[in-house]
Amino acid sequence: MLHQQLLIACLLLCTVGLRTGLADGVEAESCIEGNSNADASPDALVSDLIRWLRDNGAYINEKLVVKHVVPGDPSSPRGVFAAEAMDEGENVCSIPSELMIKPSSELAEGELVEYGHCSTIRKLRDALVGGAATPYERYLLAQPKWYLPGFWSWGGMDLLKTMLLSNRTHEMTDYDELPPHGVDEFVEMDLLEGCVDIDVKDTSFWHSAMLVQARGDYAFMFADMINHDNRGYNIRHNSNYDSYVNGAVHDIVTSRVIEAGEQLFNSYNRCNICEGRFDWMGTPEMFLHYGFVESMPQSWLIDFARIKFVLDWKDGDESSGELAVDFKLPPSEKGMGLLREELARLKSFAEAHRQTRFEDYKDMTEHEWKSLWQYFDALYIALSNAVQSTSALVDDVWKLGNDWWIQDGPPNEADEAWIYPIKKGMAPDEESPNMESSDDE
């Protein structure tokens, strides 16, 4: 199922933990004031977009500038920076609902209401094919294609699924695999089964579908230029998803004082209106939904081992060079043993594939190859640190029900998450009445 993404796409990344709404490779910085000399460069596209938003009732703070994250490095991603100091609660941007690309109230014949994103995809596809009349449509048309794992080539996706899928004989769940789950489910289920009148040969449709997958049913202009960072998160939303449906303005404000030269950061899973994602959307899911590996802190949930932890630099200090594991529930001996099995399997996978080339896999691209191994490294480091932890091992987690992983978010979070229940009889305490699988997860 396509989750209602509250914010934004991650474009082709050049550094771990950053995501930018702009294409790479252009040297000039883009100030928010706009540029009258429109051309096809990313800077001109952004300048035109800012000017168009302001001309149509949007507010973009004059203190902001869009520039490369690494000064003087045109290959680095871009971000939104404060050119001047900003007060806590100062308005960053206000985007009227009528400027957003959003679902239609009318569904195609035979389409279910839960597939409302299909109308958004069709709207975007028609706009892009029709010449991309607005600056925002031209901005979207210029975005990289196929950067989300669910839209990779068959060769790239097959290699990723091989990397994730466990090969144990006695599975703990109905489908034991390392996260993220459902790499190919969006295309196979939500699109091919959910949307009608699909031309599978229409690349514009697939490009539009990927943009909607990354941005959600509501595309928030300008907000999609603010990078993700859970440690540096310094903005908040003054509206929620229901208010967008009802036509409200999308307001973003600062959550603290922002110093001149400081970058603005959003959080795609821990924002003030992200509570439905708090417990299930971690580093693997960010990779699946947005196409990048986030920087520390990272959140990991391994359902078949019933292990959930946060990996971060010791005391939050990267200069220490030490990583620390914070288990959200006490780990078990059984769970740690399962992780050791997976580490051994991942090591064998790397030995078999890492010295090959992306050209050796059907239609795989260099970007897919680099992204796969970037995620592999993050996954291997996370699991290695977990099993090396000196935390006491207890079996209490196996006595909990199938919502064992929900701690911070709402109870209905299970409806949105891909967390497989443990099969009856597979837990250390086989007599536990809570271990029966649930049909509603």
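The values are calculated or read from the model by the stated rules, or taken from the named source; none is laboratory data. Keep in mind that this is a model prediction, so the values were computed, not measured. Here the Cβ is made from the backbone with ideal geometry for all residues, glycine too, and neighbour counts use every protein chain on show. All accessible areas refer to the heavy atoms of the entire protein, side chains included, with ligands and DNA or RNA removed. Shrake-Rupley method; radii C 1.70, N 1.55, O 1.52, S 1.80 Å.
Points to keep in mind about this one:
- Phi to ³J(HN,Hα) by Karplus 6.51 cos²θ - 1.76 cosθ + 1.60 over region 67-83, Hz, x for Gly, Pro: 8, 5, 5, 9, x, x, 10, x, 8, 7, x, 9, x, 9, 10, 8, 6
- Rh by Kirkwood over Cα pairs, then Stokes-Einstein D for region 286-441 at 0.890 mPa s and 25 °C, µm²/s: 140 µm²/s
- Loop trypsin sites (Lys or Arg not before Pro), region 293-389 (other Cβ atoms within 10 Å of the site Cβ: 14 or fewer; DSSP): R354, R357, K362
- Net lengthening on full extension, E262/D377 (0.36 nm per residue, minus Cα-Cα): 38.5 nm
- Ligands, DNA and RNA left out, the 1.4 Å accessible surface of region 375-414 is 49% carbon and sulfur atoms.
- Pairs spanning more than 24 Å between alpha-carbon atoms, out of K102/K370; K370/K423; K328/K423: K102/K370; K370/K423.
- Label-point separation, E333 to N412 (7 Å along Cα→Cβ), nm: 4.2 nm
- If you plug the beta carbon distance of T356 and H170 into 1/(1 + (r/R0)^6) with R0 = 35 Å, you get a FRET efficiency near 0.70.
- Separation of region 137-193 and region 352-397, taken as the distance between their Cα centroids, equals 15 angstrom.
- Under the combined filter of DSSP loop state and at most 16 neighbouring Cβ atoms within 10 Å, region 114-190 retains these trypsin sites (Lys or Arg not before Pro): K145, R168.
- The distance between label points at M189 and T390 comes to 4.3 nm (points 7 Å beyond Cα on the Cα→Cβ vector).
- The equivalent ellipsoid that matches the C-alpha gyration tensor of region 226-351 spans semi-axes of 32, 19, 13 angstrom, in descending order.
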